[in-house]
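Novice: This is the structure I have questions about; it appears just below.
The values are calculated or read from the model by the stated rules, or taken from the named source; none is laboratory data. Treat the numbers as computed from the prediction; the structure is a model and nothing was measured. Note: ideal-geometry Cβ built from the backbone for every residue, glycine included; neighbour counts use all protein chains shown. The protein model used for the area step is the full one, side chains on, heavy atoms only, and it has no ligands, DNA or RNA in it. Shrake-Rupley method; radii C 1.70, N 1.55, O 1.52, S 1.80 Å.
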Amino acid sequence: MITQSLTVSAAVAIAERRSGRVDAGVRAGRARTLMLRNALALRTNNALSFLTGFVEPVIFLLAFGYGVGALVGTITYGGMTLPYAVYVAPALLAVSAMNGAIFDSTFNVFFKMHYLRIYQAITSTSLGPLDVALGEIGWAMLRGAMYAAGFLTVVTLLGLTTSWWALALVPAAMLIAFAFASVGMAVTSYMSTFHQLNWMQFVLLPLFMFSGTFFPITAYPEWLQVVVAATPLWQAIALTRGLFLGVLEPALLIPVAYFAVMAAIGLIVTTRRLDRLFLR
Amino acid sequence: MIRARALTKAYSRAASAKRAERRPSEDTSAKRAERRPSEVSTGSDGGRTLLAVDGIDLDVAAGESFGILGANGAGKSTTMRMIGATLQRTSGELTILGRDPAHEGPVIRAHLGVVPQQDTLDTELTVRENLLTYGRYFGLPRTALVPRIEELLDFAQLQDKRDEKVEALSGGMKRRLTIARGLVNDPSLLLLDEPTTGLDPQARHILWDRLYQLRETGVTLVLTTHYMDEAEQLCERLVIMDAGRIVAEGAPADLIRTYSSREVVEVRFGTNRNSEVLPHLHGIGDRIEELPDRLLVYTDTGESDLQEIVARGFMPVTALVRRASLEDVFLRLTGRSLVDG
Ligand SMILES: Nc1ncnc2c1ncn2[C@@H]1O[C@H](COP(=O)(O)OP(=O)(O)OP(=O)(O)O)[C@@H](O)[C@H]1O
Ligand SMILES: [Mg+2]
């Protein structure tokens, strides 16, 4: 039996409470309910693909940090002489945050958008497009941050961590992951086939190789250094490396601001696109 | 509850998409071709705009149960989605519960229970989790949802499937789950787009019964259907849409009285003979409609008209005298039967 109250339903009361706000048309403030959905769906997802995100940076650390590191010896960075593994480790942490966030906000979001078609159902509830964007980006951020935290643990167990500031890498990884995820989701919303998503790899691979991950960008000509310094992964690595080494400078605020802007642009575009695709 | 004035939805479509979407009834007769939704050329890119909903007026009062009938492509789902605040109108006025869906979508949708034409269940989740997460999207706390979900599982008769994945359900079960999901937030306005398509007769009757009960508690129903019996059972008032426009409006009984005779004689003479016989039946009944497989004679005196047909020397293969129904109204107004679109 269905009991029906003649009084205002709870769902309406909840929605009414927010109805005066400026963002009431696009946001109900319940992005977490979508994250809860994703947590429930985790069971069905491929556990293996989830695990690779943890393993990948460790493999790179072992191969490069110790393998190549044995040949390279030490590296000079910002006036410090560092074992090569210490130089590479924070960069790989930034990479793992980026990869986790990108994977979730591109392939997984694309799958939900075009195959599972869950956004049609979600947008017919009192959630708005900004809730959906925040929920998915927040979820992708969690994934990136989890990989980063796992990697940080491994690095610490290997005895590479020297500063307590390394703990700040967790919130830093969250910021990096959030920014990458919000741009990732924005880009994905324009894609119509899985094939197009593969093009993203063409962007990510050079980012990974040449953003000061494995060698300082001072190896490049001046003009190229400027270009590389403008890329998001270089900014991420500047932030993680600074914190990992405990070198706190005001310059670290540049990547923070960079990612705040990147996140905001990604969020705005994603929200517009979701609105366009599911609510127009 | 709902007020629409000159409500219009135009879909832009690329020149290539147009060809793929040719409708089956397009070339059968000039009369039918005329009734396709209007297309308007726009701009330089050769793209065209299709007026899926073409300036309709609607008023639905609180507590009413209101139906939208129309052949495939008439614009029913488009109208439902505009009312559901998930599709924005191109022009005209629309207020749902006194609010404009263009600006207050989330609040409006909190009032609504939506059963879309196509199931949009979350196939990564179980039956119960579908109800739970959907309720959570509305902000309902888990403590309130747990007992509510039990009621809904009973309602949908899915208790024994509660922990199954949605993929493991039959089509009709999925439909029932979608309907149950639409009720999770205690909606005051329930939008049902072909709710019983895919349900077996028993499940249909059970659903009708539940919808009656909801109506008694004051819930407003808006539904589309291709089943005339369903429309006659459930709708106090309905509109018939054709090619994006409303062509008739009223209570089912009034519509039948206005647009049809009391009785209908259905006679079949075999596929090729129907049109041969037709000219010889002149003068029988008020009006005769020719369908591909039968002739329909509209009349107030069915039995004697049937005798007259036989007396003129035409022995039908099958013959039936019945009361006029909404189906006949529909045929009269749109020139096609509801089912074949
Ligand atoms: N997203 C869309 N983009 C472009 N055209 C569309 C879109 N959705 C519907 N249409 C067109 O709008 C018209 C009305 O479609 P609608 O789905 O509202 O019809 P309907 O009355 O619900 O039909 P049915 O009985 O088949 O469900 C059709 O001509 C259809 O091709
Ligand atoms: Mg439809």
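Novice: Restricting to the stretch B:227-247, and then to whatever is in a strand (DSSP E or B) and within 25 Å of B:Y212 (Cβ to Cβ), can you tell me which residue is farthest from ligand 2 (Cβ to nearest atom)? Explain how you work it out, then say what you get.
Specialist: Step one: of the stretch B:227-247, the residues in a strand (DSSP E or B) are B:237-242, B:245-247.
Pick out the ones that are also within 25 Å of B:Y212 (Cβ to Cβ) and you get B:237-241.
Working: B:R237: 20, B:L238: 15, B:V239: 14, B:I240: 14, B:M241: 10 Å.
The extreme case among them is B:R237.
Novice: Mind checking which residues of the stretch A:151-162 are open to solvent by less than 20 Å² (accessible area, probe 1.4 Å) and in contact (Cβ under 8 Å) with a residue 60 or more places away in the chain?
Specialist: A:F151, A:V155, A:L160
Novice: Right, something else. Return the pair list, or none, for Cβ contacts closer than 9 Å from residues in the stretch B:195-224 that are of a type in the set (K, R) to residues that are crowded, with 16+ Cβ neighbours inside 10 Å and assigned to a helix (DSSP H, G or I), at least 6 apart or on different chains.
Specialist: Taking only residues 6 or more apart or on different chains, the pairs are B:R204/B:E230; B:R210/B:F155; B:R210/B:I179; B:R215/B:L234.
Novice: So which residues in the stretch B:123-157 are open to solvent by less than 50 Å² (accessible area, probe 1.4 Å) and among the hydroxyl-bearing types (S, T, Y)?
Specialist: If the condition is that a residue be open to solvent by less than 50 Å² (accessible area, probe 1.4 Å) and among the hydroxyl-bearing types (S, T, Y), then B:T123, B:T126, B:T133, B:Y134, B:Y137 are the ones that fit.
Novice: In the stretch A:109-140, how many residues are free of Cβ contacts under 8 Å to residues at least 60 places away in the same chain and among the polar types (S, T, N, Q)?
Specialist: 2
Novice: Of the numbered conditions (1) within 16 Å of ligand 1 (Cβ to nearest atom); (2) more than 14 Å from chain A (Cβ to nearest Cβ), B:T178 fails exactly one; give the number of that condition.
Specialist: (2)
Novice: What strands (runs of 3 or more DSSP E), lying completely within the stretch B:1-74, carry at least 1 residues that are modelled with pLDDT of 90 or more and touching a helix residue (DSSP H, G or I) at 6+ places or on another chain (Cβ under 9 Å)?
Specialist: Of the strands (runs of 3 or more DSSP E) lying wholly inside the stretch B:1-74, those with at least 1 residues that are modelled with pLDDT of 90 or more and touching a helix residue (DSSP H, G or I) at 6+ places or on another chain (Cβ under 9 Å) span B:2-13, B:48-60, B:65-70.
Novice: What residue, among those in the stretch B:96-116 that are closer than 20 Å to A:V26 by Cβ and part of a strand (DSSP E or B), is nearest to the other protein chains (Cβ to nearest Cβ)?
Specialist: B:V114
Novice: Output yes when any residue across the stretch B:287-302 is without any contact (Cβ under 8 Å) to a residue 12 or more places away in the chain and either buried (at least 19 other Cβ atoms within 10 Å of the Cβ) or more than 16 Å from ligand 1 (Cβ to nearest atom) (or both), and no when none is.
Specialist: Yes: the stretch B:287-302 contains one or more residues that are without any contact (Cβ under 8 Å) to a residue 12 or more places away in the chain and either buried (at least 19 other Cβ atoms within 10 Å of the Cβ) or more than 16 Å from ligand 1 (Cβ to nearest atom) (or both).
Novice: Can I ask one more? Step by step: first the residues of the stretch B:210-234, then only those that are within 16 Å of ligand 1 (Cβ to nearest atom) and touching a Phe, Trp or Tyr at 6+ places or on another chain (Cβ under 8 Å), then the one that is nearest to the other protein chains (Cβ to nearest Cβ). Which residue is that?
Specialist: Out of the qualifying residues, it is B:V222.
Novice: Give the number of residues within the stretch B:124-154 that are in contact with a Leu (Cβ under 7 Å, 6 or more places away or on another chain), under 26 Å from B:T225 (Cβ atoms) and facing another protein chain (nearest Cβ under 8 Å).
Specialist: Residues meeting the conditions: 1.
Novice: Can you confirm whether the stretch A:172-194 contains a residue that is open to solvent by 40 Å² or more (accessible area, probe 1.4 Å), within 16 Å of A:L92 (Cα to Cα) and not basic (K, R)? So that I can check it myself, show each step before the final result.
Specialist: Going through the stretch A:172-194, the residues open to solvent by 40 Å² or more (accessible area, probe 1.4 Å) turn out to be A:174-175, A:178, A:183, A:187, A:190, A:192-194.
If we keep only those that are within 16 Å of A:L92 (Cα to Cα) too, we end up with A:174-175.
If we keep only those that are not basic (K, R) too, we end up with A:174-175.
Yes: the stretch A:172-194 contains one or more residues that are open to solvent by 40 Å² or more (accessible area, probe 1.4 Å), within 16 Å of A:L92 (Cα to Cα) and not basic (K, R).
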